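Novice: Can you read through this structure? Questions will come right after.
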Amino acid sequence: MDDALRRALAAEIEAIRADPVAAVGFGEKAYLPYTTTAGQGLVSAPDPAVTPMVAKAIDEAIDQAGPADPVAALALLHVVGQRADDHVDEVLMRALNSPALMPTAAYLLGRAGYRGYPARSRDEAAVTRALRAHLGDPGEFVDPFLGKTFARRDFVIAALVRLLGIERFTGIDDRQAPMVGLALPDFSDGQRTELVAQLTRPG
């Protein structure tokens with residue numbers, strides 16, 4: 001990466017850090033619930049060195065040993081999730097281990113290749129294995145961009161259902177089916193229980 005590009009991208013990262021809430025807004029379609037309004041160079045630059053550059057900024061923003069800023073980390077995660085680089089999945093799978101980032105990371109893993117998000121070469125087994133590890137998460141996610149509260153694992157369930165094939169699962173109605181994993185999760189308590197049971201069933 002040449003110095004001019006590095007400086008330009010570093011400036012985009014700093015702009016997101018300065019006002020992370022403004023960097024992500026509500027999308028215009030149900031299947032595109034988020035839109036990024038900053039960091040377009042970080043999204044589109046083809047240089048593979050951009051992905052670890054953003055990953056480092058995410059780690060710095062979420063590092064509890066320092067001045068943690070999970071909203072900035074989430075905004076940067078939305079940016080990196082739109083990159084076509086095959087190494088993006090590594091960043092997203094690592095982000096699953098942070099409770100603050102897990103729902104968004106799961107969402108971005110689940111919708112790669114669909115409606116405005118680029119497809120990437122990936123290890124499908126590794127991605128699904130990483131997601132399955134969080135099916136038991138009991139926590140809530142307060143989305144700082146949309147001002148809504150979700151069960152964290154609903155993003156994991158939706159991502160797995162989409163990745164494994166919606167047709168394999170029962171309990172999802174015809175209205176929901178096309179949007180699972182693309183739109184914001186909208187599972188009833190009964191659906192959540194049934195889908196987790198199907199996702200954890202042996203074989």
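Novice: Give segment 115-161 a look and list any residue that's assigned to a helix (DSSP H, G or I), under 14 Å from the mean Cα position of the chain (by Cα) and either under 14 Å from ASP186 (Cα atoms) or of a type in the set (Phe, Trp, Tyr) (or both), or say none.
Specialist: ARG152, ARG153, ASP154, PHE155, VAL156, ILE157, ALA158, ALA159
Novice: Output the residues belonging to segment 173-187 that are over 17 Å from PRO138 (Cβ atoms), at pLDDT 95 or above and part of a loop (DSSP other than H, G, I, E, B).
Specialist: Scanning segment 173-187 gives VAL180, GLY181, LEU182, ALA183, LEU184.
Novice: Filter segment 147-167 for residues that are more than 21 Å from TYR114 (Cα to Cα) and of a type outside the set (Gly, Ala, Ser); which is least open to solvent (accessible area, probe 1.4 Å)?
Specialist: Across segment 147-167, the extreme among qualifying residues is PHE150.
Novice: Still on this structure, I have one more. Can you name the condition, by its number, that LEU108 falls short on among (1) open to solvent by 10 Å² or more (accessible area, probe 1.4 Å); (2) in contact (Cβ under 8 Å) with a residue 24 or more places away in the chain?
Specialist: Of everything listed in (1) open to solvent by 10 Å² or more (accessible area, probe 1.4 Å); (2) in contact (Cβ under 8 Å) with a residue 24 or more places away in the chain, LEU108 misses just condition (1).
Novice: Going by what's in this entry, would MET53 be described as at pLDDT below 95, over 16 Å from the mean Cα position of the chain (by Cα), over 30 Å from ALA177 (Cα atoms) and not basic (Lys, Arg)? Spell out the reasoning first.
Specialist: Values: at pLDDT below 95: no; over 16 Å from the mean Cα position of the chain (by Cα): yes; over 30 Å from ALA177 (Cα atoms): yes; not basic (Lys, Arg): yes.
When the stated conditions are applied, MET53 does not pass them.
The values are calculated or read from the model by the stated rules, or taken from the named source; none is laboratory data. For clarity, every value in this text was computed on a predicted model and none was experimentally measured. Note that each Cβ is placed from the backbone with ideal geometry, even for glycine, and that neighbours are counted across all protein chains shown. Ligands, DNA and RNA are stripped out before the accessible areas are found, and what is left, the full protein with its side chains, is counted by its heavy atoms. Shrake-Rupley method; radii C 1.70, N 1.55, O 1.52, S 1.80 Å.
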